[in-house]
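All of the numbers you see were taken from the coordinates with simple rules; none came from a lab. These numbers come from a predicted model, not from an experiment. Methodologically, a virtual Cβ is constructed for each residue, glycine included, from the backbone with ideal geometry; neighbour enumeration extends over all protein chains shown.
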């Protein structure tokens, strides 16, 4: 039976047929790997995700973590036991370090394969998987800028799954606007255990996923805070921000969790979805504990002072691709559930069948149901393609043969990242809504799975930068920096796909789509120029969200054409099952070019007109 | 402080400035009414909704009805007590009969005013209000086709709020396809208490909202079932369907609830939203009770045998407008919550403000937030306008002066009903999503209200006919029946609005929108012709959902232009607050014509091309 978590056939197509992950094995870092080792990692992931992650996905949603008093005024969190069992199995399989160096007991998997491996866990249970991804993101950040001793003390236990990590950025008054954080880090007159300079942190952090739990021996909080100047004042803006490690338990001389640090759970947020992931308000240094007999939560500076945001953003590209991947796979799993339902649910007859004695047909035979399934396929497989293409660019950026290739991959990746984060978060929620619709009333009930995917997925347009923030990032930074070099990198890559449609033997239909894509992209370039030519930054950026959405649709059309070109060459001589798969790719491409890409036309026209409707709207008129 | 439930200013604009509800008081049925009595009804509604419905909306969501054993194997439902308190107050105010004849202790309010009154309750608490609307819909159906005795026994107590009603259509295997229901109604050899012919029903009904509770003295189930032919077989198709009253408690000789009928709760559906409304699987005649010492649930035939569906559909237009209204007001209340939040939440600075020492600004000052608020305003006030316009047509259909006017209103109403049901269900969920987005992470938590509106509202594209069913209804029936007379009625009405833009003194901008609207409508007419000219019903109807969505957007553009024309004439000489209100209407109209109406262009082009992408898609290719 085909898995309803992910389609392995599609993953194999994307990884091995389309993105040629196998070619990476010729590079020094991946020389021990082969198609077989990649497949083995995917097999392991599928098995653990199927056996231990998926089964408690609904239970975790229905039994969200609760805050309990733990004596002495301290609060802990109660989580259903299946979560720890699943995470322990994940760590025991060595997967926490799947992408890391051998030196850290890692597997040195390429990013594109690692992301495909992780996709299984997110699709099976996004809430339980969140504990993993925060730990990996935390470890990746520290590996970029921490001292060897910090790596030894905190990163190694995380990569072994003994400690888990968090990212503590937001505060109640500072969400999208990180420059306004007020958590203070005062230098501690006393040194840390090994003579390391230490700080005392005080402040409140909001929206801290995995901020409190008993799933691992320690929690390594990565905290943005400000070191006061000589006058005791905080430096305004992002320039004053530094990065700190603040462990839940201080380490003893053997590196084992010891004395309790003064980081305490002040409250849990109760979310619409992702309920199984604790999401906490944490108080630092409020005085509940007095580590070392002094006030303030003990923290260790990571990297240089005042470089906190830059250091934190080391991992932002990958974290954002991770969000896009999460959105995409929640789309895929809901689509597979809807597909299964549509094949098995009899209801109604064709419009031309008037005989009520004839048996009802499976609803997949209704055109409107196929429309909803085909839209889901186009959105979710398009999103998967985009996200894995970006992951492949990470590999190119790190290990391509020439400096020029690495730089070019980096530019492409920088441009595509806000799209890879935002497009799946928008369109795979739409896919989830269609999955509900295919199920009819059943889809609206918690007895079925799809409503949870819809609720879970709605988060992705909010966290790791809201939709609006990524619109500003794409139009306000990525489209203009380096004198437009990022945009030119995308043009060059997209033009290579278009050129591929002109090779002999390509079907006329795909050639027509290539022309359609090329024309849309030229419009994007012209609109970008026009938006900057208007000379008023407020007008340039007013409709940045529309720019993000329009460019996103063009980019995904490109992903579809590129997949379709490959599918059309593979179709000749393919075995029956494979032929069906390739025909599905071609039909989804057709859907995207007939139904979806035309939607950008009015968006690009709106942008080209430098429309000020929203800019001109006044508070008093609402 | 402005209510966050609904905007009374906008309601007053729609009812009294735009739809001229006051003019109805010149008609015989409404001659006792005045602007003052209409306003008093709205005041009462606002007060009860604010005081007794809104306060338990979240509590009801968090504490959904549970099934409890009630001894002897029977199950009852436990519901938080605030629900009954609210419903009792509603009934005590006489509102259950707000639209009914004086003869039934009704208020004889026009439909358009009644809908506006009911809007307060739905917006404040959709789950508690559902008990009301099912009862009203049930009563309206019975008033159309029941016997005087049935009206006396069942309708009067419902209109007084002593009994509540349900609509029992769907079965587990027959949702959208009602022709496949299998509930049997066998003639009972024994007569009913007053010599009335009675039936014994057996079968299972699914998705029965308000199907079990203790909120009223009795539950009057309106049940679709089939009377077997002489051979004992059920007549296939819709022709075999009859309509029955099946009370939870049989009535004694005084009309009071007496012996328990054999309708029992078999299970509750646990929904994503609308959690406070019980939604039941009911078993009829399974033998738990033996009313009158015999097997089968006792039912009374309503209207002629085999006319069940036609009788049930008497109330479908109004029920569907009710669904559209529910979707619209859930959009409005979320919008008002988001607006309030955006005015009070400081976060970030303008793109051109680089000084981090400057205080953060309220997020309504960010253009992208205004985009999201303006879109919500355009969607939700557009939906309100459409729904109330339809309610006004109900009044015209029933009480216009000439038969021609009544017939024309009926045609307009028939065409617009699938749109009034579906457009708000689609776009006001989108508005709810934007309301979440305006709140950022807070919006994703259950500590705030907007995520519940989003969950509650997602039902509306499913019940009372799915989105796809209404697409088929609009394109497959409404656009073609009576040789296109319905479409021509819309053309005539829309053309009157366009002509209004050509009057002297109208701003050039509105004249341009009128031309844009006229051109879009002409495309709709051409596309309709082309779809039927293709000669293959499967192709004609393949993309009916796109037709529904495109026509819906054109119709709402029409509603916006019509409102804007009025606002522009009122603006001259208006007091400051009023002027702001009218400017808001004009800006929302501008938004709709710049941002929304252009979206139909690619949809209409797709339809005109008789696109077969979804029709051609094969099961095996997914």
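So the values come out like this:
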item: Ratio of Rg to Rh over the protein assembly as shown (Cα coordinates, Kirkwood Rh, two decimals); result: 0.97
item: Ranking of A:480, A:170, A:433 by count of other Cβ atoms within 10 Å, fewest first; result: A:480, A:170, A:433
item: Over segment A:169-230: Kirkwood hydrodynamic radius from C-alpha pairwise inverse distances, Å; result: 13.4
item: Normalised contact order of segment A:466-613, rounded percent, pairs of Cα under 8 Å and 6 or more residues apart; result: 31
item: Ascending list, in nanometres, of distances separating the residue A:526 label from those of the other copies (7 Å, Cα toward Cβ); result: 2.2
item: At 0.890 mPa s and 25 °C, Stokes diffusion of segment B:361-509 via Kirkwood alpha-carbon radius, µm² per second; result: 138
item: Virtual paramagnetic centre 7 Å along Cα→Cβ of residue A:196, amide N under 17 Å, in segment A:249-270; result: A:249-263
item: Relative contact order [Cα under 8 Å, 6+ residues apart], segment B:206-281, whole percent; result: 38
item: 7 Å along Cα→Cβ, label-point gaps from residue A:230 to other copies, nm, shortest first; result: 11.1
item: Nearest-ten-degree value, helix A:403-439 long axis tilted from longest Cα axis of chain A; result: 70
item: Inter-chain shielding of A:609-617 (mean C-beta neighbours from other protein chains, 10 Å cut-off); result: 6
item: Cα centroid separation - segment A:294-371 against segment A:118-176, whole Å; result: 22
item: Convex hull projection area averaged over all views, segment A:466-613, Cα basis, nm²; result: 9.6
item: FRET efficiency, residue B:78 to residue B:39 (Cβ-Cβ, R0 41 Å, nearest 0.05); result: 0.60
item: Partner chain coverage, peptide B:442-449 - average Cβ within 10 angstrom; result: 5
item: Kirkwood-type radius of chain A, with distances r between different C-alpha atoms, in Å; result: 25.7
item: Segments B:33-43, A:382-392, A:550-560, B:82-92 sorted - mean Cβ within 10 Å per residue, highest first; result: A:382-392, A:550-560, B:82-92, B:33-43
item: Least to most buried among A:151, B:264, A:113 (fewest other Cβ within 10 Å first); result: A:151, B:264, A:113
item: Zero-based 5 Å bins, Cα pair distances in segment A:98-181, whole percents; result: 3, 13, 19, 22, 18, 13, 8, 3, 0
item: Compactness of segment A:574-622 as Cα Rg over 2.2 N^0.38 Å, two decimals; result: 2.12
item: Residue-averaged [θ]222 nm for the protein assembly as shown, counting only DSSP H segments that reach four residues, each worth -39500 (n - 2.57); result: -16000 deg cm²/dmol
item: Between 0 and 90°, nearest 10: helix A:576-591 axis offset from chain A longest Cα axis; result: 80
item: Ranked B:275, A:371, criterion: other C-beta atoms within 10 Å, fewest first; result: B:275, A:371
item: Protection-proxy order for peptides B:156-165, B:594-603, each taking the mean of Cβ atoms within 10 Å per residue, highest first; result: B:156-165, B:594-603
item: Nearest 10 degrees, 0 to 90: helix A:35-48 Cα axis against chain A principal axis; result: 70
item: Segment A:373-443 - Debye-derived log10 I(q)/I(0), Cα point model, q = 0.12, 0.15, 0.24, 0.28 Å⁻¹; result: -0.43, -0.57, -0.94, -1.10
item: Average other protein chain Cβ within 10 Å of Cβ, residues A:361-368; result: 5
